[in-house]
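Enquirer: Sharing a structure with you now.
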Ligand code: PGA
């Protein structure tokens, strides 16, 4: 006799896979300040052996010194890459900074702008981020603008004001853009690197709210196309349930993207191979 619980699980699994297969996801690996030449090479050799997705986009964000490896090894691949940060000026006396045209020179299609670590550890203001977003767009680089509230702002229910402010300021200089020009990443600060992932219900509610705000900033229909990624302790054990939530277009993955096998498992799950 077939076990009822087993059957229920099976039905759930098949239904989940069908939904996942019908959606396209943007899967971004934010390696932060990790890996060395050997590790980057290993990762790229392994990922180059994998079949390429026909529905999802994978983008890698290595530390800047390894961008040349991306350019060399991903030349014939559908896997894209970007820079973790850049400066808004084209050139000049800005010691330690990298300009958008330099990132473009290395084949970067994307730039992560305003990650919470940049905001908190390097004091990047919303005004500075709006200049960076503008500079990306002027140079044909798609910015991934990160927004997110801290724990105190979430528990005191002020997160909506915070997210609205970050979106309005970040996009202040580029209101004429089309939805396909940018990506938003919602990363609650309390979930980044902490193991405390937001629940699917919380992610859905917050992404729906972000969509509403985006619709007021970019007034044409294209605002509906802006991908909204979720980031914060995403791993293979929780990615699927969040992927099913409304308005979740993909993921910005830190810790779990460092290990090739874990990252591959996540990519496979988002392919509908559960
Ligand atoms: P995490 O980082 O996945 O390690 O929480 C996400 C991020 O900071 O982009």
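Here, each number is a calculation from the coordinates, and none is a lab measurement. What you see is a predicted model, and the numbers here were worked out from it, not measured in a lab. In this analysis, Cβ positions are derived from the backbone assuming ideal geometry, glycine residues included, and neighbour counts consider all displayed protein chains.
Enquirer: Using only DSSP helix segments of four residues or longer, with each worth -39500 (n - 2.57), what per-residue ellipticity at 222 nm results for the chain after dividing by its residue count and rounding to 500?
Expert: Using -39500 (n - 2.57) per qualifying helix, the result is -12000 deg cm²/dmol.
Enquirer: For q values of 0.12 Å⁻¹, compute log₁₀ I(q)/I(0) with the Debye formula on a Cα-only model of segment 111-194, without solvent.
Expert: Taken in order of the listed q values, log10 I(q)/I(0) reads -0.33.
Enquirer: Over the chain, with a Gaussian network built from C-alpha contacts below 10 Å, which listed residue (251, 122, 25) shows the highest mean-square fluctuation?
Expert: Highest fluctuation among the options: 122.
Enquirer: Across segment 139-274, how large is the tail of the calculated P(r) beyond 26 Å, expressed as a percent of all Cα pairs?
Expert: Considering segment 139-274, 23 percent of its Cα-Cα pairs are separated by more than 26 Å.
Enquirer: So, in nm, how far is label residue 52 from label residue 64 when the simple model puts each one 7 Å beyond its Cα toward the Cβ?
Expert: 2.8 nm
Enquirer: Based only on Cα atoms, what mean projected area does the convex hull of segment 224-274 have, in nm²?
Expert: The Cα convex hull of segment 224-274, projected and averaged over all directions, gives 3.6 nm².
Enquirer: When you have a sec, figure out the Kirkwood radius of segment 30-183 from all distinct Cα pair distances and drop it here in Å to one decimal?
Expert: About 16.7 Å, per the Kirkwood formula over Cα pairs.
Enquirer: For the chain, list log₁₀ I(q)/I(0) at each q in 0.09, 0.13 Å⁻¹, using the Debye formula over Cα point scatterers of equal strength and ignoring solvent, two decimals each.
Expert: Taking Cα atoms of the chain as identical point scatterers yields -0.41, -0.86.
Enquirer: Project the alpha carbons of segment 2-93 onto their principal axes and report the range along each, largest first, in whole Å.
Expert: 70, 29, 25
Enquirer: Once the mean 1/r over all distinct Cα pairs of segment 104-159 is inverted, what Kirkwood radius in angstroms do you read off?
Expert: Radius from the Kirkwood sum: 12.4 Å.
Enquirer: Please give the contour-minus-distance gain from residue 97 to residue 219: 0.36 nm per residue of separation, less the Cα-Cα distance, rounded to one decimal in nm.
Expert: Answer, rounded to one decimal: 40.5 nm.
Enquirer: Same structure again: Can you tell me which of 141-150, 222-231 comes out highest on packing, and rank the rest after it, using the mean Cβ neighbours within 10 Å?
Expert: 141-150, 222-231
Enquirer: Please give the peptides 108-114, 3-9 ranked by average Cβ packing (other Cβ atoms within 10 Å per residue), highest first, as a rough proxy for protection.
Expert: Ranking, from highest mean packing down: 108-114, 3-9.
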